[in-house]
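Notes for the one structure printed next.
Every number here is computed from the coordinates shown, using simple stated rules; none is lab data. Here the structure is a predicted model, which is why all the values come from computation and not from measurement. No Cβ is skipped: glycine too gets one built from the backbone with ideal geometry, and neighbour counts run over all protein chains shown.
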Amino acid sequence: MSGFNEDNMGSHAQLSSQFFGDLLDSIIVDVASECHRIARLGLDRNLEEEEEELRLSAQARVRVADPSNSGEANSKYVVDIFGQTHPPVANEIFDCMNCGRSIMAGRFAPHLEKCMGKGRKARLKVTRSSTAVQNRYSQGSPVSTYSPYSNSTSTSRLSNGTSSGAGEEYSNGTFQEP
Amino acid sequence: MTTGNPSYTNPKPCKHLADYKLNHGLSGYKSLQKHLKTAPHGKTSVGKPSTKTPRCISCDGFQGRLYFCLICSSVSCLDHNLLHTQSEVGHDVAVDIERAELYCCVCCDQVYDPDFDKAVMSKHIMGITGDKNGDESIGKRLVKRRRLGSGVVEELVDSKISKQLISMRDRRAKSCYPLGLRGLNNLGNTCFMNSVLQALLHAPPFRNYFLSGGHNHETCRKRSVDQLCLSCDIDVVFSAAFSGDRAPYSPAQFLYSWWQHSANLASYEQKDAHEFFISVLDGIHEKEVKSRNQNRDNGDCQCIAHGVFSGLLRSDVTCMTCGFTSTTFDPCVDISLDLDTSNFPPKNTANKSIKPDANSSMSTLLGCLDLFTRQEKLGSDSKLYCQNCQERQDSAKQMSIKRLPLVLCLHIKRFEHSPVTKMSRKIDRYLQFPLSLDMTPYLSSSVVRNRFGNRIFAFESGESDISAEFEIFAAVTHAGTLESGHYVNFLRLRNQWYKCDDAWINEVDEGMVRASQCYMMFYVQKSLYQKANEDWSHLPISPRRNMFGQ
């Protein structure tokens, strides 16, 4: 234990810092012992490959962030790899399978929503996808901010399974309502 | 290293350990067993033989590391244990009292012996289950181990058969590009659907199943009364994607069918890619179950959705007082991961040359997986009932993967919902992910073994032979905010990355994918990935070509 000026410390303080030092040493040795065992038994992961992946990702991020690079990421597309171009709104035309009208592809979904209209009432039935409940993006649609499960109160930390009893399950299963 | 059950390198004993074993066999270990103290969290130490504090016989010290001689039980400290071997010939092997690890005083190094570890583990077992023989394996198995996919599914996902049946060659189209690469028109904020469809279209076993006629939409419609069949619609999408036509396809019929299916679910307004993915697999499964009049649980299910994506998770709940562990198994079609923050560095720090600051606070996929399999202490307000103690105790829970699927979908929880403010937000934090992923450290065998200090012991014998090495083939990324954002899929075909942005397919370099913000990552077993990458374009055109009609 270095750096302690013993003259300035009472004997209690000295003793407690000594205990602390012993505890700390013990913990350090614990870690060393575990690592030693892992290394000797060949249990260490492919650290070289892992570090290579980390390095490549770091490099990639630097390159992408560099403004002098061609802005591939967000530039407007000129042609795709097949040499085709596409309008912002898909203009293929086909018939709606619900009502029979001719609809333009890019407007099909909103049309279908209205077209299928009241026949598509949502029932609040429990689904298997309850872990995904806490992980939903709305997407551009005007009527999209909602939360069907009003008690999605558990933090995302615990949604891998709520602590509700011994032997309970990872909840890709049913969502327990209180 | 053999595939499947991760095996240890059998440590070669030093000369002194070998001599000790020769002369004393297991007797020292057996008598030490009485003194071993096992802790509920899996660690072992040597209990004090008497009430007195153990002290070094040479210096009377009691601090630092103390070693207990296996032959004469005398205690020496680290500085003086060499003295002991000099005064008593042959007393070379000792045990670290605090850690129950073997130590060779002459080599001045920690040494390992499977027989010693076995003695330690037996003590654990005896302590936990009261089994006097210590033969029962750690944790209970509540379900019989079953092999995945007997016969049918496996055959159909075998790419060999698909190759024989199918020709993808269309000389009119841009045939130098990978088969099945085709843009999908955005039908009005349907990029969430397009991005997942692209992943499904190129998941090797899933793709092989449909392309080999695993689900024939003509015979299916005739068979069933209920006209709604998501698999049929998927089959149609496959045909379109692999037809050779490169003009973007509009998956309108699929959208219509899916909306009809998901009208039964809580909401049809789902615009989340992950929700969509789950509901599609659900739709495939339900139809399968109905048509075969079965009601098997997902773990054994033979439907293509589960055959490809379903794995098995193990959940251990350990009583922190007595160490008794209750184990359950649950099937899953994906794994949802919380982002690791800089508060959680990866474990198993055998060698971590961490680069300063810039990277050490970066979230990594491996870090998220470490977090997922970390033992989590449940709060004192959620004490669980322990069968052994017969009362509620503080507990800890730990997840691990019992059986890996053929295709592993990893979903990152980028959505945060605050119960207090009722506000939701997206977590934009960058996540580093590898292109090659080794899932071995997250298998139940590795995790359980690690819980007990990595002792040499058969913890989870007979795990499936599925290899733990995976390669990424699709990454679904999300850009933008919660309310208005855009999904894009990156596909990796024959080691070239393609950006699939609805109708637009463009080649991109690997760096762009690495730097992107992933939401869902699709990994496939390495062997299947390599098979899928074999060049198909040299196949002759077969008469079956019309199967995919144009």
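Skipping prolines and chain starts, which residues have an amide H placed within reach, meaning under 5 Å, of the one on residue B:427, given they are 5 or more residues away or on another chain?
Those qualifying (amide H under 5 Å, at least 5 residues apart or on another chain) are B:415, B:416.
Amide H neighbours of residue B:505 under 5 Å, counting only residues 5+ apart in sequence or on other chains, H built in-plane at 1.01 Å?
So residue B:505 has HN proximity to A:81.
Spin-label point model (7 Å from Cα, Cβ direction): what's the residue B:218 to residue B:508 distance in nm?
4.0
Would you mind computing, in nm to one decimal, how far apart the modelled labels at residue A:24 and residue A:114 are, each placed 7 Å from Cα along Cα→Cβ?
With each label point 7 Å from Cα toward Cβ, the separation is 7.1 nm.
Quick one: check the C-alpha center-to-center distance for segment B:68-116 versus segment B:180-202, whole angstrom.
Value for the Cα centre distance between the two parts: 64 Å.
Search the structure for amide H atoms under 5 Å from the amide H of residue B:392, placed 1.01 Å from N in the peptide plane, and list their residues when 5 or more places away or on another chain.
Those qualifying (amide H under 5 Å, at least 5 residues apart or on another chain) are B:386.
Tabulate in residue order the Karplus-calculated ³J(HN,Hα) for segment A:22-36, using 6.51 cos²θ - 1.76 cosθ + 1.60 with θ = phi - 60°, rounded to whole Hz; enter x for Gly and Pro.
The phi angles translate into 4, 4, 4, 4, 4, 5, 5, 5, 3, 5, 4, 4, 4, 5, 4 Hz.
With θ taken as phi - 60° and the coefficients 6.51, -1.76 and 1.60, list the Karplus ³J(HN,Hα) couplings across segment B:467-475 in order, rounded to whole Hz; mark glycine and proline as x.
5, 9, 9, 10, 10, 6, 10, 8, 9
Return the sequence-ordered ³J(HN,Hα) values of segment B:333-339 in whole Hz as given by the Karplus equation 6.51 cos²θ - 1.76 cosθ + 1.60 applied to θ = phi - 60°, using x for Gly and Pro.
Computed from phi, the couplings for segment B:333-339 are 9, 6, 10, 9, 10, 7, 6 Hz.
Can you give the local net charge around residue A:95? Use residues other than it whose beta-carbon is closer than 15 angstrom to its beta-carbon, Lys and Arg +1, Asp and Glu -1.
+1
Pop the C-beta distance of residue A:31 and residue B:430 into the FRET formula with R0 = 30 Å and round what comes out to the nearest 0.05.
0.55
At R0 = 41 Å, how high is the FRET efficiency between residue B:80 and residue B:375 if r is their beta carbon distance? Nearest 0.05 is fine.
0.65
What percent do you get for the relative contact order of segment B:1-101 when only Cα pairs under 8 Å and 6+ apart count?
That works out to 25 percent.
In angstroms, what radius of gyration and Dmax does segment A:8-65 have, counting Cα atoms only?
Cα-based Rg and Dmax for segment A:8-65 come out at 20.8, 59 Å.
Return the subset of A:114/B:499; B:30/B:123; B:12/B:37; B:34/B:377 for which the Cα-Cα distance in this structure is over 20 Å, preserving the input order.
In this structure, A:114/B:499; B:12/B:37; B:34/B:377 lie more than 20 Å apart at Cα.
Under a point spin-label approximation (7 Å from Cα along Cα-to-Cβ), what is the residue A:16-residue A:46 distance to one decimal in nm?
5.1
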